[in-house]
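The values are calculated or read from the model by the stated rules, or taken from the named source; none is laboratory data. Just so you know, these numbers come straight off a predicted model, no measurement behind them. With ideal geometry, Cβ positions are generated from the backbone for all residues, glycine too; neighbour counts draw on all protein chains shown.
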Amino acid sequence: MPDLHPMTRQHAILALVVSLILPAFQLHGQTPDARGYIVQVGDTVPSFSLTDVNGHIYTDESLLGQTYVLQFTASWCSVCRQEMPHLEAEVWQPFQERNFTLLGVDLDEPRDKVASFAAQMGVSYPMCPDEGGGVFYCMAAPKSGVTRNVVVAPDGRIAMLTRLFNEEEFAQMVALVDRLTSAP
């Protein structure tokens, strides 16, 4: 670096650091919230396409008109492993016949590992590899952690965002899914 006044040098370094780091935090023109989300309740869910381990394709368009939950997970995540049996028993089993879908979205792991993880966890809801994290990074900032659920209403708008496995928040999510999937 050329010989600059110390304050000018500090500003130059700060400007360089900000220019390198800021883009990672301003995905889709938004700064992540305290829980790492770059989407908010009320937003239209970002466009996505996921293929489950059995080859079935799910998109934001194909799921329009039904309630669904995108459950972000990974085999190495201990909190995800804690939450998954609750999702199976308290969300998937009671609501799967009510125009509802629960998709496990496994962050950046290959299909065979995702299939093995689903079998190991005993979940029957569809599990979708998100290799490269394309779907995850449309909703949350890099390195913001998995164990999160995005509840989407039939109109395609985000109805709830959860983070980690908190029993009270989980109960609120179950109640919301019940309301959204109940006959009018």
* Asked: Using beta carbons and a limit of 7 Å, which pairs, at least six apart or on different chains, have the first residue in the range 158-177 and in contact (Cβ under 8 Å) with a residue 24 or more places away in the chain and the second one among the small types (Gly, Ala, Ser)?
  -> Ile158/Gly42; Ala159/Ala153; Leu176/Ala159
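Could we say that Leu161 is in contact with a helix residue (DSSP H, G or I) (Cβ under 8 Å, 6 or more places away or on another chain), within 25 Å of Gly42 (Cα to Cα) and assigned by TED's automatic domain parsing to the domain that holds Phe72 here? Write out each step before concluding.
Numbers: in contact with a helix residue (DSSP H, G or I) (Cβ under 8 Å, 6 or more places away or on another chain): no; within 25 Å of Gly42 (Cα to Cα): yes; assigned by TED's automatic domain parsing to the domain that holds Phe72: yes.
The answer is no for Leu161.
Going through the range 40-81 one residue at a time, which ones are hydroxyl-bearing (Ser, Thr, Tyr) and closer than 21 Å to Phe95 by Cα?
Taking the range 40-81 as the starting set, the residues that turn out to be hydroxyl-bearing (Ser, Thr, Tyr) are 44, 47, 49, 51, 58-59, 62, 67-68, 73, 75, 78.
Correct list: Tyr58, Thr59, Ser62, Thr67, Tyr68, Thr73.
Mind checking whether some residue in the range 29-51 is in a helix (DSSP H, G or I) and either over 20 Å from the mean Cα position of the chain (by Cα) or modelled with pLDDT under 95 (or both)?
Of all residues in the range 29-51, those in a helix (DSSP H, G or I) come to 29.
With the extra rule that they be either over 20 Å from the mean Cα position of the chain (by Cα) or modelled with pLDDT under 95 (or both), the set shrinks to 29.
Within the range 29-51, one or more residues are in a helix (DSSP H, G or I) and either over 20 Å from the mean Cα position of the chain (by Cα) or modelled with pLDDT under 95 (or both).
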* Asked: In this structure, is Pro85 within 27 Å of Pro32 (Cα to Cα), surrounded by fewer than 14 Cβ atoms within 10 Å (Cβ to Cβ) and touching a residue at least 12 places away in the same chain (Cβ under 8 Å)?
  -> no
* For the range 69-76, state whether one or more residues are in the same structural domain as Tyr37 (by TED's automatic domain parsing), more than 17 Å from Pro46 (Cβ to Cβ), in contact with a Leu (Cβ under 6 Å, 6 or more places away or on another chain) and not charged (D, E, K, R). => yes
* Structure fact -> The residue that is farthest from the chain's Cα centre (by Cα), considering only those in the range 135-180 that are among the polar types (S, T, N, Q) and closer than 18 Å to Met84 by Cα, is Gln172
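Report yes if Pro142 is within 26 Å of Gln40 (Cβ to Cβ), surrounded by fewer than 19 Cβ atoms within 10 Å (Cβ to Cβ) and modelled with pLDDT under 95, otherwise no.
Values: within 26 Å of Gln40 (Cβ to Cβ): yes; surrounded by fewer than 19 Cβ atoms within 10 Å (Cβ to Cβ): yes; modelled with pLDDT under 95: yes.
In short, yes.
Test Asp108 against the criterion of being among the charged types (D, E, K, R) and in contact (Cβ under 8 Å) with a residue 60 or more places away in the chain, and give yes or no. Reasoning before the result, please.
On the way: among the charged types (D, E, K, R): yes; in contact (Cβ under 8 Å) with a residue 60 or more places away in the chain: no.
It is false that Asp108 is among the charged types (D, E, K, R) and in contact (Cβ under 8 Å) with a residue 60 or more places away in the chain.
Does Tyr125 qualify as being among the aromatic types (Phe, Trp, Tyr) and within 14 Å of Glu83 (Cβ to Cβ)? Before you say what the answer is, go through the steps one by one.
Details: among the aromatic types (Phe, Trp, Tyr): yes; within 14 Å of Glu83 (Cβ to Cβ): yes.
Taking the combined requirement at face value, the residue satisfies it.
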* Name the pairs: first residue in the range 36-55 and assigned by TED's automatic domain parsing to the domain that holds Ile158 and farther than 12 Å from Phe136 by Cα, second residue among the aliphatic types (A, V, I, L, M) and surrounded by fewer than 20 Cβ atoms within 10 Å (Cβ to Cβ), Cβ to Cβ under 7 Å, at least 6 apart or on different chains? -> Val41/Met160; Thr51/Ile57; Val53/Ala115
* Asked: Just for the range 62-93: of the residues that are outside any helix (DSSP H, G or I) and more than 20 Å from Leu161 (Cα to Cα), which one is farthest from the chain's Cα centre (by Cα)?
  -> Ser62
